[in-house]
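The values are calculated or read from the model by the stated rules, or taken from the named source; none is laboratory data. Please read all numbers here as calculations on a predicted model, not as lab measurements. Quick reminder, even Gly has a Cβ in these numbers, built from the backbone with ideal geometry, and neighbours come from all protein chains shown. Only protein heavy atoms, including side chains, enter the accessible area calculation; ligands, DNA and RNA are left aside. Shrake-Rupley method; radii C 1.70, N 1.55, O 1.52, S 1.80 Å.
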Amino acid sequence: MDFEKTLNQVRKRFGVEVSVREDERSVFLGGECDNWENIVAIGKMFVTEGKHVVNDIRLAGHVEQPECLPKLTDNALEGTDWDVLVIGGGISGCAVARELSRYKLKILLVEKHSDVARGASGANDGMVHAGIDLKHQCLKLKYGVAGNAMYGDVCKELGVNFRRSGQYVIFDSRLIRFLAKSTVRRAVKHGIVGVKILNKKQIAEAEPRVKDFAVGALFAPSTGCVSPYQLTIAYAENAVQNGIVASLNTAVTAMTVENGKVAKVTTNRGTLAARCVVNCAGVFADKVAEMAGDRYFSIHPRRGTDLLLDPKAEGVPTQNISMGPTLKSVSKFGSGSTKGGGVIRTVDDNYLLGPDAVEVPDREDTSTCKQSFDNVFNKQSQVCPSLKRSDVIAYFSGVRAATYEEDFLIERSSKIANLVHVAGIQSPGITAAPAFSKDVAKTVAEYLTSVGVDVQQNPQFNPIRPRPVKANCLSDEERDKLVKKDPDFGKIVCRCEEISLGEIKQALRNPLGVRTIDGVKRRVRAGMGRCQGGFCMPLVTKIIAEEAGVALTEVNKDDDGSNVAVCKIKEVWL
Amino acid sequence: MKYDVVVIGGGPAGLAAAIRASEGGASVLLIEREARLGGILKQCIHDGFGVVRFGEKLSGPEYADRFVKQLKQTNVQVSLFSFVTRTVKRGKTYQITYVCKDGLVNVECDKIVLATGCRERTKNAIGIHGDRCAGVYTAGAAQNLVNILGIMPGKKVVILGSGDIGLIMARRFTLEGANVVGVYEAKPTPSGLTRNIQQCLNDFDIPLHLSKTVTRIFGTDRLQRVEISDVDEQMRPIAGTETLVDCDCLVLAVGLIPENELARELKVPLDPKTKGAIVDQNCQTLADGIYACGNALHVNDLVDYVSESGEIAGGDSAQHGLSRDLRKIEAAGKLLYVVPQRLDVNSRLDKVVMYFRASEELTNQRLTVTADGETLFTRVYGKLLPPEMERIVVDFGKAKALNDITITLEDK
């Protein structure tokens, strides 16, 4: 690559001097710049076919947030020996662990938080993408399309709700509608079925709430929606049911490499050995690679904020709607990065607006800010003009783990023989996970076989994860029968979402052993409604304390140290 | 089962409604979602309840207990830990389905009294941004943690909102030994009752900061600090005025919203100002046979008035309804809202109880109720504060005509 030319462009555009060197796998950037967005932009300028960008340009004056690490330290894993270590309990790690559990292997999944799905997997809109906006020859397309097709079966096996609801991309000009024909042709070529262009009348019939401004739409029938955290939890639970060991509150802090292989892995719970290591560490995937001396790509965190609407909000489109390119923004379409979000009807019949995309220097900066809120709200108000600020009951941010190549990086390392990277998993990561997890499991099995491990099928493997009971989805007769069998299902604890004591107790008996307020919330939605836990949080605190046999003051909202209360009353001075 | 009246909600409004309906001769079922009657009063262990009604300062549980005892003297059926899942109109009656520990129960009734109370606005409702850490609670949730569960949500507390429950919690935290750093209020005037400003803040030297709000939350696991900003006249934060305050607990007392899920399901028209149902002087909504009372109707500041509206609703629901002739009551001038919003000229007109709030802090005001130009009621107020609800009793029976009814608040 002719770096001089690019370096000149960098000087011209940003007025900074950066250093550049390359090896067979990567282009390495160094230097300093006072603007994070510029640093990311510079990184992208060095993207070239067949190589990865490792961007070490520092943000001047910025002190990186220390990584959030578990408070727990013990020796639970000290000296243990595993066939496979999966690092990270997001959708990637949990799906990979579940696919690996088809084999008779000793598998350990570690997650540094107190629950799975705590990163981007728990904070995205849950759209199962059709893949209409993806470019040729990328892993996102390969696994996105394949994963989408698997969704019905996977969710049935794992007992998770999934709805193939379709998606409408709205056009406000005839020219754009005409140009969309190329998108349809591309979709056909990529094997995405049923994509078609709707005229003004057809879109108005499909979604009357956009009739005033839509001159047409692109309809992708294979788009669906899923609860991304419930799917991640289900994958993890099924993996545990099939014999893998999941260790929460466990962070990998160091690795030793011997003879081109990861030999020992150090965690806050002891040092262990693994024949094969799968890096599913999300926004920390490049840091984990670095621990093995294998940092040949870098992750630039990109934050997205979603707004959750009251299910009772009026005038919101009942279909998944996103605004297509307008004449002003026409160049954006098909670029492979975010389409700019949309209005999504979730599987739980809430509405989500968003997300936006903001490059942030800190990997765990999931804070929300007014600017993102306003951007998302104003943008989605275009397709939903009657939207009121007061319809928003919650908002959250997740951080996408983007590489500079903006594609998934799923491969066995060419340098560290027993290290498999599952990195750069951003949108459509949820969509793609069912597909790539199978390939990763196969890669691991092949590698283990090649080093003499006798890899056999797990005879006890059961793909079915029992679907949790949801009392208010049952018919009156079924619900009555359930309550007569177990009266706890007749005692409503969360009134907004109509969640019973029975469902909360069921959630607290989860195979991962998660007993937190947010863990209950993610599993059964207690506290996710319009009062946001104002009424049920104290009750859930009490139920957790009773079920877990701990003091009320030991109940956590989420990770260790996030105690609901600091002490008992009358003990403030103690 | 068939009842004349089903009361939904066993807080002060529902208790009063059920008692009065039963005394009026109706067969009554009272459905309560929690394991005990009393509603939010159960956790209000401070005093000051019942000053108007009983001339005594009772605690919340004591106030509730008086009604619970009275209820036991009646034939009201009570179903606890029961949650209404569906309400459907069938001809002239209503079919109510609720779930309780015995299973799913269907009952039929002629009248429904909605006494479902209100819920608190959350941090998300007022646009606070930042981290998602433990230690941020609505005042009601914090009150439950302290008074029911006996645990402290924090030792160094910031309270946002000077509504009564915020002030009460400021005192409660102080009495438990916590350090209340301050009460912050976005409005230029306090939102709570004057007596609570004195008894809860001034008496304990807790600072009240007006025209300031919390704009951001910081903390990884538990809350570490909040960002406070000054606000302009529209209560929008002013950039550049941010200061950081260390604390481990943020209590939000930023307003209450009537709970009207069931009213919505029954397609009962709501008043955008009160966020409760539109009712006539008997607390009957625009849907025949459905009543609304207490905080589900509009947010009250005294429980005494909550009970009163429950009694009005309950008493009327026991009577066999004549067909109504509803006339609109126009609110004019500087009124925030008026309840009732309608007058049924076919029912009793002589002692109509009306509640109103001023839209802002006002002095030397005259309130006038007129019907077709004729003045039926007038009263002069030296001072009016939006946090303090006013109650009047108007005799509409003496009016010559009741076509054009207006209630006006204007400068004297």
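I need the calculated FRET efficiency for the pair B:E374 and B:N106, taking r as the beta carbon distance and R₀ as 56 Å, to the nearest 0.05. The formula returns an efficiency of 0.70 here. Within the shell of other residues whose beta carbon sits under 15 angstrom from the beta carbon of A:Q9, the net charge comes to +2, with Lys and Arg scored +1 and Asp and Glu -1.
Averaged per residue, the stretch A:3-59 has 54 square angstrom of accessible surface, using a 1.4 angstrom probe with ligands and nucleic acids left out. Rounded to the nearest 100, the interface formed by chains A and B buries 4700 square angstrom of accessible surface, both chains summed, with a 1.4 Å probe.
Cα centroid separation, the stretch A:505-564 to the stretch A:191-254: 27 Å. Each of B:L335, B:Y355, B:L384 was scored by the projection of its Cα onto the charge dipole of the stretch B:323-412, and the greatest displacement toward the positive side belongs to B:Y355; charges sit on the C-beta of Lys, Arg, Asp and Glu.
Under the membrane-span-like helix rule (DSSP H runs whose alpha carbons stretch at least 18 Å along the helix axis, mean Kyte-Doolittle hydropathy 0.0 or higher), chain A yields A:139-158, A:429-450.
Rg over Rh for the protein assembly as shown works out to 1.00, using Cα positions for both radii and the Kirkwood form for Rh. Going from the isolated chain to the complete set of protein chains, the stretch B:207-226 loses at least 50 Å² of heavy-atom accessible area (1.4 Å probe) at B:D221, B:R222. Note on the stretch A:72-188: the alpha carbon radius of gyration divided by the globular reference 2.2 N^0.38 Å gives 1.46. The calculated pair-distance distribution of the stretch B:370-412 uses every alpha carbon pair, bins of 10 angstrom beginning at 0, and gives 23, 49, 24, 3 percent. Note on chain A: Cα-only Rg and Dmax are 24.1, 76 Å. Adding -39500 (n - 2.57) for every DSSP H run of four residues or longer, then dividing by how many residues chain B holds, sets the calculated 222 nm ellipticity at -5000 deg cm²/dmol.
Using the Cβ-Cβ distance between A:E32 and A:V193 with R0 = 35 Å, the FRET efficiency computed as 1/(1 + (r/R0)^6) comes to roughly 0.10. Structural size metrics of the stretch A:52-125, computed from C-alpha coordinates, are Rg and Dmax of 16.3, 50 Å. Projecting the Cα positions of B:M1, B:S22, B:A399 onto the charge dipole of chain B (unit charges on Cβ atoms of Lys, Arg, Asp and Glu, taken about the Cα centre) puts B:M1 furthest along the positive direction. Looking at chain B, the accessible area is 40 square angstrom per residue; that uses a 1.4 Å probe and ignores ligands, DNA and RNA.
In the stretch B:154-168, the residues that give up 10 Å² or more of accessible area when the other protein chains are added, compared with the chain on its own (1.4 Å probe), are B:K155. In this structure the amide hydrogen of B:V7, modeled in the peptide plane, comes within under 5 Å of the amide hydrogens of B:L29, B:L30, B:I31, B:V113, none closer than 5 places in sequence on its chain.
Per-atom-type breakdown for the stretch A:471-554 gives carbon and sulfur 48% of the accessible area (1.4 Å probe, protein chains only). Computed extension length for A:E477-A:V245: 79.6 nm, one decimal, from 0.36 nm per residue of separation with the Cα-Cα distance subtracted.
Annotated for the stretch A:174-281: lysine pairs at least 8 residues apart or interchain, Cα distance under 13 Å, count 4. Only the Cβ atoms of Lys and Arg (+1) and of Asp and Glu (-1) were treated as charged; on that basis the dipole of the stretch B:102-168 about its Cα centre amounts to roughly 460 debye. Centre-to-centre separation between the Cα atoms of the stretch A:172-188 and those of the stretch A:102-161: 28 Å.
When both the stretch B:311-355 and the stretch B:144-172 are represented by their alpha-carbon centers, they are found 37 Å apart.
Would you mind telling me the share, in percent, of accessible area of the stretch A:3-59 contributed by carbon and sulfur at probe 1.4 angstrom? The computed percentage sits at 43. With θ taken as phi - 60° and the Karplus curve 6.51 cos²θ - 1.76 cosθ + 1.60 applied, the whole-hertz 3J(HN,Hα) list for the stretch B:39-53 is x, 5, 4, 4, 9, 8, 7, 6, 9, x, 8, x, 4, 6, 7 Hz, x standing for glycine and proline. Starting from the Cα of A:K104, draw a straight line to each of the lysines and keep only those under 20 Å, dropping any in the same chain fewer than 8 residues away. A:K104 reaches A:K438, A:K442.
In the structure shown, the pairs A:K71/B:K156; A:K557/B:K156; A:K156/B:K267; B:K57/B:K273 are assessed against 29 Å; a Cα-Cα span above that value is assigned to A:K156/B:K267; B:K57/B:K273.
Summed over the residues of the stretch A:471-554 and divided among them, the accessible surface reaches 38 Å² per residue at a probe radius of 1.4 Å. Just the protein heavy atoms count here, and of the accessible area of chain B at 1.4 Å, carbon and sulfur take up 48 percent. When every Cα-Cα distance of the stretch B:323-412 is counted in 5 angstrom steps from zero, the calculated P(r) takes the values 3, 14, 27, 27, 15, 9, 4, 1, 0 percent.
Each principal axis of the Cα cloud of the stretch B:122-254 was evaluated for its coordinate range; sorted largest first, these ranges are 38, 36, 23 Å. Given +1 at the Cβ of Lys and Arg, -1 at the Cβ of Asp and Glu and no other charges, the dipole of the protein assembly as shown around its Cα centre is 2180 debye to the nearest 20. Just give the residues from the stretch B:72-114 buried by at least 20 square angstrom of accessible area in the all-chains context relative to the isolated chain, probe 1.4 Å, and say none if nothing qualifies. At a threshold of 20 Å² (probe 1.4 Å), the residues of the stretch B:72-114 that become less exposed are B:F81, B:F83, B:T85, B:R86, B:V99, B:K101, B:D102, B:G103, B:L104.
Using R0 = 35 Å, the C-beta based FRET efficiency linking A:W573 and B:K57 works out to 0.75.
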